[in-house]
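Student: Just dropping this structure here.
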Amino acid sequence: MDPADSLQFLEHYGVAILPALAVAEQIGVPLPAVPALLAVGALAAHGRISIPLVLGAMSVAALVIDFAWYELGRRRGARVLARLCQLSLEPDSCLRRAESIFARHGARSMLAAKFVPGLTTVMPPLAGVFAVSRVRFALYDLAGVLLWAGTWMALGYFFSDAIVLISARATALGRMLGLVIVTALAAYILVKYARRQLFLRKLRTASVSPEALKRRLDAGEDVTIIDLRTPLDVAATPYAIPGSRWLDADAIDEHEAEFLRSRDVVLYCASPHDATSVRAALQLKHKGITPSVRSRADLPRGWP
């Protein structure tokens with residue numbers, strides 16, 4: 001379908017398509033909602049579609065899905081967030097970033113969450129985990145949907161002539177444009193994946209197996225074990241390696257580094273998908289400390 005046909009399709013079915021795209025974003029499916037919102041704004045500028053009607057339909061659809069995520073977070077806790085972040089291209093930073101934003105700004109963070117890739121899916125269950133009241137959640141979530149969709153539609157409305165011109169140029173390019181877009185998206189995903197794999201390999205030689213660590217502890221060796229999980233990770237899995245010490249990964253300052261310098265240090269985080277311990281190990285390595293790294297998910301029998 002060329003861009004001109006797409007505009008006509010949106011003109012006739014935009015009230016159903018835009019809510020569907022909003023729902024797709026809320027469940028983590030990367031469909032092009034923003035270009036569709038811009039196109040709807042351009043159509044509205046020429047009187048071909050009603051913005052209030054589209055906004056109303058999107059708000060209802062988004063609230064239904066977001067409330068489902070909210071209730072899952074409220075009832076199931078941080079485990080829901082951990083599973084969601086495993087689907088992310090950057091699972092190690094997904095939960096930590098969302099938790100940091102929510103802890104700093106509270107429910108107000110939902111106003112901007114839909115503008116940030118990855119946060120739009122995580123924020124509703126996170127609000128449930130933090131026990132935000134249902135009325136407050138509904139108000140902020142609705143405001144966030146209207147702000148996000150309204151902003152892009154307004155841009156499409158005020159720059160409708162430019163969007164029509166871009167649509168005409170895209171029509172002239174035909175399928176070549178679609179091929180370029182798909183190629184660029186695939187290249188972005190591959191680059192993100194490759195960068196993550198290279199990062200995880202940096203300290204692979206310094207890792208220690210859970211069985212080896214347990215044998216050392218059983219033998220009475222003096223090993224300092226640092227638990228780098230977030231508070232939400234701890235809430236989801238409320239137990240730790242015996243004798244470990246919890247430490248915020250962002251709180252490893254010069255004082256903490258000096259304390260760890262003369263010790264045999266093992267860092268561990270939430271799961272094999274979480275690279276927090278690797279990041280902390282690199283930070284310590286720059287300070288002259290070479291710790292061992294272990295994930296949390298594959299501890300041997302005999303440990304909690």
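Student: What are the ³J(HN,Hα) values, in whole Hz, obtained from phi via the Karplus relation 6.51 cos²θ - 1.76 cosθ + 1.60 with θ = phi - 60°, for each residue of the range 55-60 in sequence order, with x given for Gly and Pro?
Tutor: 4, x, 5, 5, 4, 5
Student: Right, another one. Considering amide H positions built from the backbone, and no H for Pro or chain starts, which residues 5 or more places from ILE225, or on another chain, come under 5 Å of its amide H?
Tutor: When sequence neighbours closer than 5 places are left aside, the close amide H contacts are ARG245, VAL266.
Student: Rank these by accessible area, largest first, 1.4 Å probe: ILE225, ILE51, ILE27.
Tutor: Values: ILE225 5, ILE51 40, ILE27 85 Å².
Listed by decreasing accessible area, they come as ILE27, ILE51, ILE225.
Student: Moving on. Using a 1.4 angstrom probe and counting only protein chains, how large is the accessible area of LEU72 in Å², to 10?
Tutor: Around 70 Å² of this residue is reachable by solvent.
Student: Hey, can you grab everything whose amide H is under 5 Å from the amide H of SER207? Only 5+ residues off in sequence or another chain; H modelled, so Pro and N-termini drop out.
Tutor: VAL293
Student: Using θ = phi - 60° and the Karplus curve 6.51 cos²θ - 1.76 cosθ + 1.60, what whole-Hz ³J(HN,Hα) does each residue of the range 147-153 get, with Gly and Pro shown as x?
Tutor: Computed from phi, the couplings for the range 147-153 are 5, 5, 5, x, 4, 5, 5 Hz.
Student: Now for a separate question. Rolling a 1.4 angstrom probe over the protein chains, ignoring ligands and nucleic acids, what is the accessible area of VAL182 in square angstrom, nearest 10?
Tutor: Around 100 Å² of this residue is reachable by solvent.
The values are calculated or read from the model by the stated rules, or taken from the named source; none is laboratory data. Source: prediction; values computed, not measured. Note: areas computed on protein heavy atoms with side chains; ligands, DNA, RNA excluded. Shrake-Rupley method; radii C 1.70, N 1.55, O 1.52, S 1.80 Å.
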